[in-house]
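Structure, as structure tokens:
Just so it is clear, none of the values below were taken in a lab; they were calculated from the coordinates. Keep in mind it's a predicted model, so treat the numbers as computed, not measured. Counting neighbours? That spans all protein chains shown, and the Cβs are built from the backbone with ideal geometry, glycine included.
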Amino acid sequence: MKNMRPYRMLHAIVTMGLLLAGLCTDLLAQPGEVKIPMRMSFQGLLLRKDGTLFQDGTWNVTVELYDSETGGNRVYTTTMPVVVVRGVFNMIIGETDPLDGVDFTKQLWLDIQAPDALPFSKRTQLTTAPYAFMAQSAVVAGGLSPNATGAVLSLNGIQGNVNLKAGAGVTIVEDANSNEVIIDATNLLEMIDLIPSDSAVIDIRRRKVIDPNSGEEKTVIEVGLKDSSITKKYLSRSDAILADGRVRYDRDSMWIPQ
């Protein structure tokens with residue numbers, strides 16, 4: 001019973017016992033938005049310091065996670081009772097003390113301790129379960145992959161969540177059905193003051209018309225001359241002279257029909 005070879009073999013198997021596949025199976029089975037269960041299944045063998053198996057029963061086991069194979073910082077610890085049968089125990093890490101604060105984007109190592117237990121010869125490196133490779137891109141779920149397409153990353157140098165705010169005379173409407181944002185500035189025409197340089201001569205009017213092409217009502221601006229507005233004030237004497245049936249102006253001339 002003091003031969004350590006079975007213990008060494010099971011210690012190697014323990015590395016594969018970090019069953020993240022169960023986590024990924026839950027995630028794949030529930031489409032849409034789901035909260036990832038931050039738990040890990042673990043199986044190990046408890047040997048006493050004299051090399052004998054732990055007796056069947058319930059024993060307290062302490063789990064610790066470190067950021068280095070030796071030394072380093074302890075990033076997680078929990079102690080929980082486990083049922084031992086012929087020295088073998090199963091536990092779900094994170095069930096008692098949540099793993100939410102652990103950064104699994106970094107390499108971590110696991111250590112197991114129990115009262116009067118033979119310590120592990122070295123910490124166990126956490127490895128990736130096959131199904132977890134499918135979740136590789138989920139690491140950037142809080143942002144965008146550098147190769148992402150079909151997304152606006154910035155607007156005129158502004159990044160992040162950009163709020164569109166309508167100014168005076170402008171309306172902004174979001175059409176969720178067509179996935180469009182419509183910016184309408186037609187009301188700006190109503191806000192422009194048109195002042196003629198000579199109100200006695202120039203007439204400026206706004207009026208509504210129907211666009212023959214679109215059928216929409218639109219505002220147009222008409223600029224015209226008022227009736228009887230052309231008076232001597234705006235007329236000047238011409239240098240043209242009438243002679244020999246022709247109108248002469250400087251060196252040019254034209255015939256005036258009789």
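You can think of it this way: the chain between T52 and V220 has 50.7 nm of extra reach, that is 0.36 nm per residue less the Cα-Cα gap.
Between D116 and Q159, the simple spin-label model (points 7 angstrom out along Cα→Cβ) gives 5.9 nm. Ranked by how many other Cβ atoms sit within 10 Å of their own Cβ, fewest first, the residues T52, T124 fall in the order T52, T124. For the pair A151 and T62, label points projected 7 Å from Cα toward Cβ lie 4.3 nm apart. Just how far, in whole angstrom, is region 41-78 from region 190-214 if you go by their alpha carbon centroids? Cα centroid of region 190-214 versus Cα centroid of region 41-78: 86 Å apart.
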